[in-house]
Amino acid sequence: LGLRIWLNGENGWEERIEGSPSQPNYFGLATGDFNRDGLTDIVAANYSQGVHVWIQTDNTRVIAVPPMVETLRREAAARAKPATRREEDKVAARGAFGNQVYSWVETEDGSRFPEYTIGALDKLRVTVYTGLEKKEYEVSVSGAGTIFIPDISRNPIKVEGLTATQTQQKVVSILSEFLRQPNCEVLVTNYNSKLATAAGEFYDTLEPETGPGRWALRGMIRILDFINQHGGPTKQGDMSKVQIISKAGEKRILDLNKAVFEGALDQNVIVDDGDFIFIPSSALIDRKVFVFGEVQRPGVLELQKNISIAEAVARCGGPTLAAYAKGMFVIRGNLAKPDLFRVDFSRLLTRGDMAQNMLLEDNDIVYVPRELIVRGADLFNKVTPYFGIVGTYTDAVLDVETLGQDTWHNVRFPYGRTTVTTGR
C-alpha cells in the first residue's frame, strides 16, 4: 500500500518515501524533500495516470509542472495575502449553490478569512481568563441556537449564525459589563450542525469517517478535498460524472478529472450543508437497488441475491434519527408510471410485522423520508433529484418533463394489503 519513490542520483537509485501519501486514493498529493537538496518536491498519485514526481531545481522552478500544480501554486500565493472583497466574492461564487457552512471574518489588520458558522448541536469550549486564572466551560448549542453559561450571563447567549471569533467578541462584550479588560477564547470542539452525504464509490479505508456516510463539515472545503478526506474514490469510481445535489434539490454533474488535471475551479465547487455527493461506478452492475433519503449511507447496493427492505436499510447503516420510519417507500417499475409501496418500517421493528419486510427487485428505489408523505405527487418531488443517479445505472427514461407527477398517485402496501389511492 502507499507509494515508493526511487530517484536516480550519483550513487545510483535511492528510495525516498518521506512525505508520501500512506494510503491509496485517486488524488494523493504530498510534498517533501525527496532528493534531500533542501528544496520542497511534489508527488501526486491517481488511478488513471499512476505516480508523478516533480523535483524543484536550484533556481526554484519545478520541472514539468502540470496545470494542477500551477493552480495549487496560485491558490497558495493568494492565501499568503489578505483577501479582498472582490476575492471573497469570487470564492463565494465558486460554490455549487451558495454556502451556509462558513462566514467571512475580518481581522484587526483588515484581512478576511472564512470561518465555520456555528449551529444547533455544535459543542463549544469557552475559556475565560481573569488575571492568572482561567475557567473553561464546555457547552452545547441548543436547538434554539443558544448557549447558557450562568457565570457569564443570566440569559442564554445567541450564537447560531456566528463564527467562533464572533462568539468570542460577543462574550467579551458581555464580560466587559463587570470585568476590566476581559479576555476569552472560543473553540468549536464538536461539529454536528452541518453535514454532507458521501454516497456511491467512496473508498472505506477502515479509518474513521471514510467511505459512504454522513460526515460533518468543519469549514470551507472543496469537493475534491471532501472526497479525499473521506477515503477517496474506489478504483471503479467515475470522477468525470460526480453528482452533487443540494438540500433544496438542485443538482450538478461535475467533471473532477478537469479539476485535477486542468485546474478547473468551476468543477471543484465548495461543499455546502446538506449536499449529497455521489460518485458513480464505471463498472457494470447487473442487479442493484437504490437507497436514498434518511439512512446513514445512501447509495447503490449490488444484488447478489434477493434481499428484503430491512437488509437493504441495514446495509446502508440503518435509518437516521430524523427518519420517518412509519412511511418508507419502495418505487418499482417504469418511472413514468411506477408501483409505489408504503412500508411501515417501525411496525416491522417493534411488532415483528413481517408483511412490511417486502423483498426487493432489480432497480427498486427505497426512499426513507424525513416526514410523513401522503400524496404520490409529493413523493415524486422528493425523489426527482436522484433520477440522475438512477439513470447512470439504468436505461430508464428520466426526463422529468416527460415523467410527470400526475402518474404517481396509486400508493399500495406490500404483499397485497389494502390499496390506497391518494389522489393527485
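The values are calculated or read from the model by the stated rules, or taken from the named source; none is laboratory data. Everything quoted here is computed from the prediction, not taken from an experiment. With ideal geometry, Cβ positions are generated from the backbone for all residues, glycine too; neighbour counts draw on all protein chains shown.
Odds and ends about this structure:
- In summary, Ser282 fulfils each of the numbered conditions (1) closer than 22 Å to Gly211 by Cβ; (2) of a type in the set (S, T, N, Q); (3) at pLDDT 90 or above with the single exception of condition (3).
- Only listed residue being surrounded by 14 or more Cβ atoms within 10 Å (Cβ to Cβ), of a type in the set (Lys, Arg) and touching a Leu at 6+ places or on another chain (Cβ under 8 Å), chosen from Arg125, Arg112: Arg125
- Residue in the stretch 167-224 that is modelled with the lowest pLDDT, counting only those that are among the hydroxyl-bearing types (Ser, Thr, Tyr) and surrounded by 14 or more Cβ atoms within 10 Å (Cβ to Cβ): Thr205
- Total residues in the stretch 235-253, condition touching a residue at least 40 places away in the same chain (Cβ under 8 Å) and under 17 Å from Ala198 (Cβ atoms): 13
- Residue that is under 23 Å from the mean Cα position of the chain (by Cα) and small (Gly, Ala, Ser), where the choices are Ala144, Ala120: Ala120
- Filtered by the rule that a residue be touching a residue at least 24 places away in the same chain (Cβ under 8 Å), more than 18 Å from Tyr203 (Cα to Cα) and either of a type in the set (Lys, Arg) or touching a strand residue (DSSP E or B) at 6+ places or on another chain (Cβ under 7 Å) (or both), the stretch 296-318 gives Leu303, Asn306, Ser308, Ile309, Ala312, Val313.
- When restricted to residues that are in contact (Cβ under 8 Å) with a residue 40 or more places away in the chain and assigned to a loop (DSSP other than H, G, I, E, B), the stretch 188-206 contains 7.
- For Gly232: the one exception among (1) closer than 27 Å to Leu121 by Cα; (2) buried (at least 21 other Cβ atoms within 10 Å of the Cβ): (1)
- All of Ser153, Ser193, Ser176 fail the test of being touching a helix residue (DSSP H, G or I) at 6+ places or on another chain (Cβ under 6 Å) and of a type outside the set (A, V, I, L, M, F, W, C), apart from Ser153.
- Phe276 being surrounded by 19 or more Cβ atoms within 10 Å (Cβ to Cβ), at pLDDT 95 or above, aromatic (Phe, Trp, Tyr) and within 29 Å of Glu311 (Cα to Cα): yes
- Residue check for Pro298: out of contact with any Cys (no Cβ under 9 Å at 6 or more places or on another chain), over 17 Å from Ile373 (Cα atoms), buried (at least 22 other Cβ atoms within 10 Å of the Cβ) and not hydrophobic (A, V, I, L, M, F, W, C): no
- Residues of the stretch 211-231 that are of a type outside the set (Asp, Glu) and either part of a helix (DSSP H, G or I) or out of contact with any strand residue (DSSP E or B) (no Cβ under 9 Å at 6 or more places or on another chain) (or both): Ile223, Leu224, Phe226, Ile227, Asn228, Gln229.
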